[in-house]
Amino acid sequence: MKKKRRILITRTDRIGDVILSTPLIREVKRHFADSYLAVMVNPYTKDVLLNNPNVDSIILDEPTDVEKYSFFDQVKILRKHRFDTALMLLPSERLAWMLFLAGIPSRIGVGTKLYQVITFTRSVNRKKYIPLRHEADYCMDLGRKIGVTPKNLEPEIFVTEDEKKHFVQTFLKDILPLLNGKRLIGIHPGSNKSAPNWKLEDYIHLTQNLLNDDNNIIILTGNENEMHFVPGFKALNSERIINFIGKLSLRNLIILISLMHLVVSASTGPMHIASALKVRTVSLFCTLTACSPELGGPLGNQSKIITPPMDFCRKVCTDDPHDCDFKGSISVSEVQKAINDLI
């Protein structure tokens, strides 16, 4: 009798990166239909994988919380699962040694680092991003290495109808009459400098324009570190601005986005959440390779991508393109036109 494959995929970084690994998870499970497939992520991003039918187990690991998720405790946990294959999507010396000491025979990572050579980790090469492909496709290279032939690269997140009903009854109950028949447009003004982004006043100006259409309800989202954005929107003095900045867990944010008609943001986690839920997106992107839509744009949904003029970023951006506000190169009218085209 053929032995059942036991496969581990590790992606211990940000929300968007975990979402872009879901096509790999799906295609590996499709190819090895009777396999046991686990995914190791950090505690914050586990909500992305809840209800995913392709994931048999979610293993938590937080490299910065060495007391709760100590290295050797994690090794013991992995050993108990008796994995035969591990796909390491983010190069990490800690993970390379962890997977090696866990006794996983076949281990594949990205790039060729000294610690990968020492731990006998096989690798795939991104060849300096030439030709440039999407991050989801680069992730799929690890699946190709074990024989997977992918059918598509669309990310996915699974939200149940019960979750939606519970969210509405818990968070939207008091404003249901206001929402009746209206479009919910998400505005996510922050990015924690993880991507180039507009100035706050541009998002406020856009919101003011969108409120001219009585059918639009504006839903503000963001984390607790972005509470300072709220007063600017409150100054618009509209009951059709609903603020959820700093008020939701990741899972509840996912459920809220699943109820929206469209999300406006920079290239951040909420954009990828919306994409995976097939919610429309209008997204602001830089054209430099590390931040480009070719590498990290939305997949599988109806979307509009707005970028500065050709060569603007190369001429104007600092050495850190994440610390950029587009310097007036993307207008409010451009973004509003993209929204109108989609809705």
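The table below lists the values:
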item: Lone unmet requirement of (1) among the hydroxyl-bearing types (Ser, Thr, Tyr); (2) within 22 Å of the chain's Cα centre (by Cα); (3) modelled with pLDDT of 95 or more for SER238; result: (2)
item: Test: ALA290 is open to solvent by 20 Å² or more (accessible area, probe 1.4 Å) and either at negative phi or out of contact with any Cys (no Cβ under 9 Å at 6 or more places or on another chain) (or both); result: yes
item: Failed criterion for HIS261 (all others in (1) closer than 16 Å to ALA338 by Cα; (2) surrounded by 19 or more Cβ atoms within 10 Å (Cβ to Cβ) hold); result: (2)
item: Residue within the stretch 323-333 that is within 15 Å of ILE187 (Cβ to Cβ), open to solvent by less than 20 Å² (accessible area, probe 1.4 Å) and assigned to a helix (DSSP H, G or I) present; result: yes
item: Some residue of the stretch 308-320 being open to solvent by less than 10 Å² (accessible area, probe 1.4 Å) and either out of contact with any Phe, Trp or Tyr (no Cβ under 9 Å at 6 or more places or on another chain) or assigned to a helix (DSSP H, G or I) (or both); result: yes
item: Among (1) within 26 Å of the chain's Cα centre (by Cα); (2) modelled with pLDDT of 95 or more; (3) not hydroxyl-bearing (Ser, Thr, Tyr), the one test that LYS68 misses; result: (2)
item: Residues within the stretch 217-232 that are farther than 16 Å from PHE167 by Cβ and touching a residue at least 40 places away in the same chain (Cβ under 8 Å), tallied; result: 1
item: Entirely in the stretch 1-83, the strands (runs of 3 or more DSSP E) that have 2 or more residues that are open to solvent by less than 20 Å² (accessible area, probe 1.4 Å) and closer than 19 Å to ALA102 by Cα; result: 6-10, 36-41
item: Tally of residues being over 18 Å from SER35 (Cβ atoms) and in contact with a strand residue (DSSP E or B) (Cβ under 9 Å, 6 or more places away or on another chain) across the stretch 69-93; result: 6
item: Qualifying positions in the stretch 99-128 - open to solvent by less than 70 Å² (accessible area, probe 1.4 Å) and basic (Lys, Arg); result: ARG107, ARG126
item: Odd one out for ILE305, checked against (1) in contact with a Pro (Cβ under 6 Å, 6 or more places away or on another chain); (2) at pLDDT 95 or above; (3) surrounded by 23 or more Cβ atoms within 10 Å (Cβ to Cβ); result: (3)
item: Scan of the stretch 144-199 for residues that are modelled with pLDDT under 95, in contact with a strand residue (DSSP E or B) (Cβ under 8 Å, 6 or more places away or on another chain) and basic (Lys, Arg), ordered by number; result: LYS182
item: Counted residues, the stretch 246-258 - those being of a type in the set (A, V, I, L, M) and open to solvent by 20 Å² or more (accessible area, probe 1.4 Å); result: 2
item: Residue list for the stretch 50-93, restricted to those being charged (D, E, K, R) and in contact (Cβ under 8 Å) with a residue 40 or more places away in the chain; result: ASP61, GLU62, ARG82, ASP84
item: Exclusive hit being surrounded by 16 or more Cβ atoms within 10 Å (Cβ to Cβ), touching a residue at least 40 places away in the same chain (Cβ under 8 Å) and not in a loop (DSSP other than H, G, I, E, B), set ALA96, ALA136; result: ALA136
item: Matching option when the condition is closer than 30 Å to SER35 by Cβ and open to solvent by 40 Å² or more (accessible area, probe 1.4 Å), among LYS164, LYS151; result: LYS151
item: Candidates PRO270, PRO309, PRO293 - the one that is without any contact (Cβ under 8 Å) to a residue 40 or more places away in the chain and either under 21 Å from the mean Cα position of the chain (by Cα) or under 19 Å from TYR138 (Cβ atoms) (or both); result: PRO293
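So that you can scan it fast, the table gives a plain yes or no per residue for (1) open to solvent by 10 Å² or more (accessible area, probe 1.4 Å); (2) of a type outside the set (Gly, Ala, Ser):
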| residue | (1), (2) |
| --- | --- |
| ILE219 | no, yes |
| GLY222 | yes, no |
| ALA235 | yes, no |
| PHE244 | yes, yes |
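The values are calculated or read from the model by the stated rules, or taken from the named source; none is laboratory data. Because the structure is predicted, anything quoted here is derived from the model rather than measured. Note that each Cβ is placed from the backbone with ideal geometry, even for glycine, and that neighbours are counted across all protein chains shown. With ligands, DNA and RNA removed, areas are computed over all heavy atoms of the protein, side chains included. Shrake-Rupley method; radii C 1.70, N 1.55, O 1.52, S 1.80 Å.
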